[in-house]
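Peer 1: Take this structure first; my questions come after.
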Amino acid sequence: MQHGKYRFIVGFLAAPLGIYALFVIWPFIQSIYYSFTDWSGLSPEFKMVGFKNYSRILDDEVFWKSFQHSVTFVLLLPLVTLTLALFFAFMLNVGGRRRKNAAIAGVRGSAFYKVVYFFPQVLSIAIVALLFQFAYNPNSGALNSALKAVGLDSVQPDWLGDPDLALWCVFAVLVWSTVGFFVVLFSAGMASIPRDYYEAALLDGANRITTFFKITLPLLWDTVQSGWAYMGILALGAESFAVVQIMTVGPNGGGPDYSTTVLPLYVYQKAFRDGQAAYATTIGVALLVLTLLFVAVVMRLGRRERLEY
């Protein structure tokens, strides 16, 4: 049985590893290489400029604004999204009133609520951004119309045009579009936890809050940790880029006075709008370092003994 085992394994792994190296690892290497050049992205000719692009980043005010916004997203978006998802999933699975045939049950209609929460995942992020762009419209949007309907005619914010509000409006859209996925994910995890644990805890006098922190969260910790890393990658990647690019006002996107510009959007603008591909790859390298650092911190701080049941 052992004869030819390693050749068999290598034969199956060679193709996927080769594809991964070609389409993932190699572009990273190319980006790092081009960050030391003055390549425009269009011309086949370029020359090495050393660390000039990296020193330019240090004096780039827009870069640091984008960096600040991306860090805000990567710190707060996973926290808010996963907290809401855990709360909703707990209520849907074990947060309901006691019934005759079950000591532990979710709220009534929990199956319907799961479908409702998951619905934003069916929509493309571009569609979601367009819908909320209409909702945030200061003249005819749903939010200001609702404020008028309740007699708050004097309160008509320019949601996406106000530098103090625009970033948080984008943040709210990202939370709305992603929380449903984690509600369903955490619900599946909670459904696999034996009901005997909850019933024993309730017999000992534990309340819902105690059972959540002593039973549910420890047994779901691996899922929560993975979700935290995944949400951080979304906050630094295509999701935030798409929402900011589509929703925010301004001639070049990024909101008024770059108040919503994030690193992925700034990479796109420098590469395709300004023809500065080398500088864009330099910003991309900074984004790569930030992403890897975030994932490493999450995995290190979230490490704990595995609980089995």
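The values are calculated or read from the model by the stated rules, or taken from the named source; none is laboratory data. None of the values given here were measured: they were computed from a predicted structure. No Cβ is skipped: glycine too gets one built from the backbone with ideal geometry, and neighbour counts run over all protein chains shown. Just the protein is used for accessible areas: all its heavy atoms, side chains included, with ligands, DNA and RNA removed. Shrake-Rupley method; radii C 1.70, N 1.55, O 1.52, S 1.80 Å.
Peer 1: From the list S177, S192, S240, which residue is polar (S, T, N, Q), crowded, with 19+ Cβ neighbours inside 10 Å and within 25 Å of V115 (Cβ to Cβ)?
Peer 2: S177
Peer 1: A further question follows. State which residue is most open to solvent (accessible area, probe 1.4 Å) when the search covers only the range 141-171 and only residues that are touching a residue at least 12 places away in the same chain (Cβ under 8 Å) and in a helix (DSSP H, G or I).
Peer 2: L143
Peer 1: Return the residues of the range 115-132 that are more than 24 Å from L160 (Cβ to Cβ) and open to solvent by less than 60 Å² (accessible area, probe 1.4 Å); say none if nothing qualifies.
Peer 2: Across the range 115-132, there are no qualifying residues.
Peer 1: Can you go through S124, S110, S70 and tell me which one is at pLDDT below 90 and under 30 Å from A286 (Cβ atoms)?
Peer 2: Testing whether each residue is at pLDDT below 90 and under 30 Å from A286 (Cβ atoms) leaves just S124.
Peer 1: If only one of A271, A278 is at pLDDT 90 or above and open to solvent by less than 50 Å² (accessible area, probe 1.4 Å), which one is it?
Peer 2: Matching residue, one of A271, A278: A278.
For every residue, the table says whether it meets (1) at pLDDT below 90; (2) assigned to a helix (DSSP H, G or I); (3) in contact with a helix residue (DSSP H, G or I) (Cβ under 7 Å, 6 or more places away or on another chain).
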| residue | (1), (2), (3) |
| --- | --- |
| S226 | yes, yes, no |
| L234 | yes, yes, yes |
| I246 | yes, yes, yes |
| P251 | yes, no, no |
| G254 | yes, no, yes |
| L265 | no, yes, yes |
| V295 | yes, yes, yes |
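Peer 1: Now a separate question. Mind listing whichever residues of the range 202-211 are assigned to a helix (DSSP H, G or I) and open to solvent by 30 Å² or more (accessible area, probe 1.4 Å)?
Peer 2: L203, R208, I209, T210
Peer 1: Select from the range 56-68 the residues that are open to solvent by 20 Å² or more (accessible area, probe 1.4 Å) and in a helix (DSSP H, G or I) and list them in ascending order.
Peer 2: R56, L58, E61, V62, W64, K65, F67, Q68, listed by residue number.
Peer 1: Still on this structure, I have one more. Would you check if there is a residue in the range 218-225 being touching a residue at least 60 places away in the same chain (Cβ under 8 Å), of a type in the set (D, E, K, R) and open to solvent by 10 Å² or more (accessible area, probe 1.4 Å)?
Peer 2: Looking for residues that are touching a residue at least 60 places away in the same chain (Cβ under 8 Å), of a type in the set (D, E, K, R) and open to solvent by 10 Å² or more (accessible area, probe 1.4 Å), one finds at least one in the range 218-225, hence yes.
Peer 1: Are any residues in the range 253-268 open to solvent by 40 Å² or more (accessible area, probe 1.4 Å) and in contact (Cβ under 8 Å) with a residue 60 or more places away in the chain, and if so, which ones?
Peer 2: Across the range 253-268, the qualifying residues are D257, Y258.
Peer 1: Hey, another quick one. Pick from S259, S240: which is under 15 Å from the mean Cα position of the chain (by Cα) and polar (S, T, N, Q)?
Peer 2: Within the list S259, S240, the selection yields S240.
Peer 1: Considering only residues that are touching a residue at least 12 places away in the same chain (Cβ under 8 Å), surrounded by 12 or more Cβ atoms within 10 Å (Cβ to Cβ) and not in a loop (DSSP other than H, G, I, E, B), which ones fall in the range 16-51?
Peer 2: F28, S31, I32, Y34, T37
Peer 1: A further question follows. If we scan the range 151-167, do we find a residue that is modelled with pLDDT of 85 or more, under 29 Å from S226 (Cβ atoms), of a type outside the set (S, T, N, Q) and out of contact with any strand residue (DSSP E or B) (no Cβ under 7 Å at 6 or more places or on another chain)?
Peer 2: Yes, the range 151-167 has at least one match.
Peer 1: List pairs: first residue in the range 283-300 and closer than 12 Å to L75 by Cβ, second residue open to solvent by 40 Å² or more (accessible area, probe 1.4 Å) and part of a helix (DSSP H, G or I) anywhere in the structure, Cβ distance under 7 angstrom, at least six positions apart or on different chains.
Peer 2: V298/W228
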